[in-house]
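Report on one structure; see the data block that follows.
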Amino acid sequence: MINERVFIGLGANMGDNSWYIRRALNMLDELSGVSIKAIAPLYKTAPLGYEDQDWFLNTVAELETQVEPGDLLKEMLSIEDYLGRKRVIHWGPRVIDLDLLLYGQRQIKLPELELPHPRMFERAFVMVPLADLVPDTILCQGKPVAQLAHELLKNQEIKKVEKQ
C-alpha cells in the first residue's frame, strides 16, 4: 500500500484551545498507518457563519498515511467525539474540529466526504496555515496556495499566534 500526503485542518474555540489541538494531533499521530510530517503555526481567527462566539485557534497538519480517506474521516470523527465535541449549532462553538482537506490528488464526492474539502478555498483559517506548509502548491483553482491565502486575507480576520 502506498503512503498518501494528506492535509487536515484543526480548530477549537472552547476551553483550552491549544490543549485540544495538541491532544487531537497526538491522537492522530498514534493511529496505525498515520504519521504527522509537519504542523503549521497556530492562528487566531474570527468565526465565519455563526459569528456570536469566541475566536478560533486554527492550524493545518500534514500527514502521511496508508489509511483510506473514508476510514481516516471515521477516525477523525472518533477523536472529535472522544474529546467531547457536541454538534449543537451549525458552524458554532466547539472544543475541537477536524477537517480532512486534501488526500493526495484524490477527488471524491460522496454525501459524507468531499475532497478537496469544498469550502477550504473560501477560508483564510485553512488557506493561510496551509500556505505556511506548501505555499507554491497549485490546487484545483489553478493558483498557488500562497496567492489564494493572500486573497482571502483581504476580507477575513486572522492573526498568527506568536507564542506557542
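Among the candidates PRO129, PRO118, which residue alone is outside any helix (DSSP H, G or I) and either among the hydroxyl-bearing types (Ser, Thr, Tyr) or out of contact with any helix residue (DSSP H, G or I) (no Cβ under 8 Å at 6 or more places or on another chain) (or both)?
PRO118
Mind listing just one residue for me: the one in segment 41-64 that is among the polar types (S, T, N, Q) and modelled with pLDDT under 95 and, of those, nearest to the chain's Cα centre (by Cα)?
Residue satisfying both the conditions and the ranking: THR45.
Hey, GLU151 hits all of (1) farther than 15 Å from THR59 by Cα; (2) of a type in the set (Asp, Glu); (3) outside any helix (DSSP H, G or I) but one; which does it fall short on?
Among (1) farther than 15 Å from THR59 by Cα; (2) of a type in the set (Asp, Glu); (3) outside any helix (DSSP H, G or I), the lone unmet condition for GLU151 is (3).
Quick test for you: out of GLY49, GLY84, pick the one residue that is part of a loop (DSSP other than H, G, I, E, B), out of contact with any helix residue (DSSP H, G or I) (no Cβ under 9 Å at 6 or more places or on another chain) and over 20 Å from GLY104 (Cβ atoms).
Sole residue among the options that is part of a loop (DSSP other than H, G, I, E, B), out of contact with any helix residue (DSSP H, G or I) (no Cβ under 9 Å at 6 or more places or on another chain) and over 20 Å from GLY104 (Cβ atoms): GLY49.
ALA38 passes all but one of (1) surrounded by fewer than 17 Cβ atoms within 10 Å (Cβ to Cβ); (2) among the hydrophobic types (A, V, I, L, M, F, W, C); (3) modelled with pLDDT under 95; which number fails?
Condition (3) is where ALA38 drops out.
Can you confirm whether LEU115 is under 18 Å from LEU73 (Cβ atoms) and over 12 Å from the mean Cα position of the chain (by Cα)?
So LEU115 passes the test.
With touching a residue at least 24 places away in the same chain (Cβ under 8 Å) and under 22 Å from GLU68 (Cβ atoms) as the only criterion, which of LEU148, LEU153, LEU115 stands out?
After ruling out the rest, the residue left standing is LEU115.
The values are calculated or read from the model by the stated rules, or taken from the named source; none is laboratory data. Bear in mind the structure is a predicted one, so any value in this text is a computation, not a measurement. Counting neighbours? That spans all protein chains shown, and the Cβs are built from the backbone with ideal geometry, glycine included.
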